Amino acid sequence: MNKTLSLSPAEALHANVAVPFESAFAMPKSVYTSPEFVALEQKHVFAADWLCAGRAESLPNPGDYLTMDIAGEPIVVLRDREGQVRAMSNVCRHRMSTLLQGRGTVRAIVCPYHAWTYNLDGSLRGAPAMTLNDSFCKEALGLPSVRAVVWQGWIMVTLNPNAPEPADTLREATDLIAPFDMTGYRETYRENFRWATNWKVLAENFMESYHLPVCHAGTIGGASKLEEMVCPTGGAAFNYHWILKNDTVPLALAHPSNTTLKGDDRRKTWLLAIYPSLLITLTPGYFWYLSLTPDGPSHVKVLFGMGMSEDWLADPAAEGHLAQVKALLDDVNVEDKGCTEKVYRGLCSDLGEPGPLSHLERPNYEFAQYLARRIPAQAVA
């Protein structure tokens, strides 16, 4: 009988990472299927760590905004009058209606319920028909601020006032990809979708390229070889691996005008998993990313985006190359959706059991270690 059946999901996770990687198994089923474990993740992971809201260049002008939920907390991220990216509560200080929806541009934040109006710094500009209430103090009724920083062009947001800065926790990752200068890439497309799988299944799918030859046989599976995949030991806040691409997709290679990248770096694809849920594929010519949010144990909400490096954007044929990559990634997403939803159906079966990990799945093991560091074995939802 499986020993983990008598353990809580958190205890089973800790037992799973108590063995060395060379003897490791995939995470136990309960960490994917348990509603109680999702509640623990929201408390100890998503409310405590940095999450990605997208690229900073997607908010180019004052008043440009996007909305997101962090562990059930409605948040608005915007560019203020001074040109800074900031985040704040997306809940009115009057009767607690949510304020903004989706993405857009505003000159001020106006509550859709009673028209309380806030400036782009979150301060309350005005509220109609409040002069007869002695408790009303405009200066005390601004929107609570939320920490937001820009790391390598990514907007990172956290509810945790004590979380270390990404510039510190991701210093090693920054150094690894420094030759690519990710701050110079520009987002050209983004969308949101929802898949019928656990968020960790999709995260782990990204973290290993072991599945490429089979799951992606119709698209990118032939662009790299298993023997050329390298999975080094990652850091406390991220894991990574890289693969070498052939010229099947020219945009995945360094532009002919690029004199900075040398040798294998000209055809290297980095796959960075920034814990807990920012997943970045970075090539010399383009990038794409996923930012994941759990929607119960059985679904995941996904922000998907892509863009190009500056030299490829300046290429006369850039539009055609980008259209080719967009079509390719759409097909890749269809393949990944099929594979990850099949995994979740298997996780819900009685006869399925987690198996041993390949040496190409070291990032998955490190991801499990990260979750175990965040969620105490005796944690209660």
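The values are calculated or read from the model by the stated rules, or taken from the named source; none is laboratory data. Everything quoted here is computed from the prediction, not taken from an experiment. Cβ sites come from the backbone with ideal geometry, for glycine too, and all protein chains shown count toward neighbours.
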- Expected output for the stretch 294-320 (first residue surrounded by fewer than 19 Cβ atoms within 10 Å (Cβ to Cβ), partner part of a loop (DSSP other than H, G, I, E, B), Cβ below 7 Å, 6+ apart or cross-chain) is HIS299/ALA196; LYS301/ASP295; ASP311/HIS255; ASP311/SER257; ASP311/ASN258
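Give the residues of the stretch 332-345 that are within 16 Å of THR219 (Cα to Cα) and surrounded by 13 or more Cβ atoms within 10 Å (Cβ to Cβ), sorted by residue number.
Going residue by residue through the stretch 332-345, those that are within 16 Å of THR219 (Cα to Cα) are 332-339.
Within the stretch 332-345, VAL332, ASN333, GLU335, ASP336, LYS337, CYS339 meet the criteria.
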- Only unsatisfied item for LEU351, checking (1) exposed (fewer than 13 other Cβ atoms within 10 Å of the Cβ); (2) under 25 Å from ARG194 (Cβ atoms); (3) not small (Gly, Ala, Ser), is (2)
- Item | Failed condition for PRO60, given (1) in the same structural domain as PRO161 (by TED's automatic domain parsing); (2) farther than 18 Å from VAL150 by Cβ; (3) of a type outside the set (D, E, K, R) | (2)
- Specify the residue that is farthest from ALA273 (Cα to Cα); the eligible residues are those in the stretch 343-361 that are part of a loop (DSSP other than H, G, I, E, B) and among the charged types (D, E, K, R). ASP350
- Task: Please specify each residue of the stretch 167-223 satisfying the condition of being of a type in the set (Gly, Ala, Ser), touching a His at 6+ places or on another chain (Cβ under 9 Å) and not in a helix (DSSP H, G or I).
- Result: ALA196, SER209
- Looking at the stretch 82-110, which of its residues are farther than 23 Å from GLU57 by Cβ and outside any loop (DSSP other than H, G, I, E, B)? SER89, VAL91, THR98, VAL110
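Looking at the structure I just gave you, is LEU132 buried (at least 16 other Cβ atoms within 10 Å of the Cβ) and either modelled with pLDDT of 95 or more or in a loop (DSSP other than H, G, I, E, B) (or both)?
On the way: buried (at least 16 other Cβ atoms within 10 Å of the Cβ): no; either modelled with pLDDT of 95 or more or in a loop (DSSP other than H, G, I, E, B) (or both): yes.
No, not satisfied.
Given the criteria buried (at least 19 other Cβ atoms within 10 Å of the Cβ), assigned to a helix (DSSP H, G or I) and out of contact with any Leu (no Cβ under 9 Å at 6 or more places or on another chain), does GLU227 qualify?
Numbers: buried (at least 19 other Cβ atoms within 10 Å of the Cβ): no; assigned to a helix (DSSP H, G or I): yes; out of contact with any Leu (no Cβ under 9 Å at 6 or more places or on another chain): yes.
It is false that GLU227 is buried (at least 19 other Cβ atoms within 10 Å of the Cβ), assigned to a helix (DSSP H, G or I) and out of contact with any Leu (no Cβ under 9 Å at 6 or more places or on another chain).
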